[in-house]
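The values are calculated or read from the model by the stated rules, or taken from the named source; none is laboratory data. Nothing here was measured: the structure is a model prediction, and the numbers come from that model. Cβ placement follows ideal geometry from the backbone for every residue including glycine, while neighbour counts extend to all protein chains displayed. All accessible areas refer to the heavy atoms of the entire protein, side chains included, with ligands and DNA or RNA removed. Shrake-Rupley method; radii C 1.70, N 1.55, O 1.52, S 1.80 Å.
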Amino acid sequence: MTKLVLAIDDDKYVHRVIEESLAGFCQLIHAKNGEEGLRQAYKYSPDIILLDVEMPGKTGYEVCRELKNNEQTKDTPVMFLSGKSELPERVKGYNAGAADYIVKPFNTEELMARIRVLYQYRQHSIKLKNDVERAQITAEIAMTDSGDMGRIMRYVGQTYHAHDVQSLSAHFFEFFRPLNLDVVVAFWYQDVGVVCTDDGGVCPLEQELLEKHRYSNRFVDFSSHTIVNYPKVSILIKNMPLDDVVLYGRYKDLFPHILEVTNAKIQDMEVNEKALAQAHAVGNAFNELSSQLFVSSEAREEAVAKLTTQLSELRALMQQDPTFAANQALALQVEQLEQTQLQLTVLNDDLAFIKHQLNHIIESRSELIDSLSKIATPEHTQDVTSQTDIELF
């Protein structure tokens, strides 16, 4: 790349010497005084500026200070050309912002060598500046990501204490509020869309858009809006910064995290609700079975007691009347009745054991329902920190 050098000097002879010395080595722009030199510098942004010290109008020191105070030229290396070689003059040039100082008269080799060093210095400075800017951007992105992930982790903790769609949506909008995004969320709970906004108002068209695009792609962009879909949750972002590539990319990386957490929470809520309903249904069935068993058991016990009484009366009659005692058919019938009595007694014992086991099952069912209820409605704690307590980057 050809070096562009601006020479500012009121001496035409010096300009001719510079022209001859740097011919083929760089491209030259000439200015005969400080004012013209400033205009040329702002117009062409040269790589290096050669600046005379003593000139009519603005001195070289004044011109150099103005160049260093201007955002466009503050990093452009300036080399003073002067007939004074004293150290105070060099210090004065350095204080004005110069990078080098050469004494007139100068030879071609020295001038070229000095320009070559300044050009390398300039390129190194540009590279260093770009590296610093990239490092700053990387650091900002890292801090932003760290802040985002911290807020996501806080949201995960908050969702543990959400036992219904309403409380979950409150934490959900608390997460989005610092982002200044206008969000509509649809929770597909038990295949029914529960649509919510932070301010409570949902227009029919927004609900229709979410329902229409529920089974579309993960990200659906249109105008300044974006819909993000998961099986159990969809969001409509009404003011997505689609024209800001960096911010839009950050949001596209961020939103899947919170939506995956929300999707999993909705699934857990559905499973818990289904398990609780099944536990209630099983419990009710056992209660009914237990009631019927107790009624049947009482009837059997009464029948056994009645049969026992009748057998006792029959035995007593046989002992008192020899005619009955000699009746073999009657004796056989009594023996059969005694066997039936024994079987009924054993059956009642079995039923008593079954009733005992049923009582244990009913107690376990009650404990299961209590546990599922606690999962579905966890106790409120004061330890859940709000999203506003998190430092945002």
Long pairs among LYS68/LYS252; LYS74/LYS238; LYS238/LYS274; LYS238/LYS265, criterion Cα-Cα beyond 32 Å | LYS68/LYS252; LYS74/LYS238; LYS238/LYS274
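Highest first, please rank the peptides 194-201, 262-269 by the mean number of other Cβ atoms sitting within 10 Å of their residues.
Per-residue Cβ counts within 10 Å, averaged per peptide and sorted highest first, yield 262-269, 194-201.
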Could you size up the charge dipole of region 165-211 around its Cα centre, putting +1 on the beta carbon of Lys and Arg and -1 on that of Asp and Glu, and report it in debye to the nearest 20?
-> 160 debye
State to the nearest 20 debye the size of the charge dipole of region 1-95 about its Cα centre, where the only charges are +1 on K and R beta carbons and -1 on D and E beta carbons.
-> 160 debye
Spherically averaged projected area in nm², based on the convex hull that wraps the Cα atoms of region 1-70 | 4.4 nm²
26 Å Cα-Cα reach of LYS306 towards lysines, excluding residues that sit fewer than 8 places from it in its own chain = LYS355
Can you give the convex hull volume of the alpha carbon atoms of region 153-281 per residue, in Å³?
-> 110 Å³
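Please state the charge dipole magnitude for region 139-271, taken about the Cα centre, from unit charges on C-beta atoms (+1 on K and R, -1 on D and E), reported in debye and rounded to the nearest 20.
On the way: 11 positive and 19 negative charges, 35 e Å.
Approximately 160 debye in magnitude.
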Over 18 Å (Cα to Cα) among LYS84/LYS104; LYS92/LYS127; LYS32/LYS58; LYS3/LYS129; LYS3/LYS127 -> LYS92/LYS127; LYS3/LYS129
May I ask you to order 275-285, 108-118 by the average number of other C-beta atoms within 10 Å around their residues, highest value first?
-> 108-118, 275-285
For region 64-122, what % of the accessible area comes from carbon and sulfur atoms, probe 1.4 Å?
-> 50 percent
Over region 238-287, with neighbouring protein chains present, the accessible area per residue in Å² at probe 1.4 Å is 52 Å²
For ARG114, the net charge from surrounding residues (Cβ-Cβ under 14 Å; K, R +1; D, E -1) works out to +1
Set Lys and Arg Cβ to +1 and Asp and Glu Cβ to -1, take the dipole of region 40-136 about its Cα centre, and tell me which of MET55, LEU81, ALA99 lies farthest positive.
-> ALA99
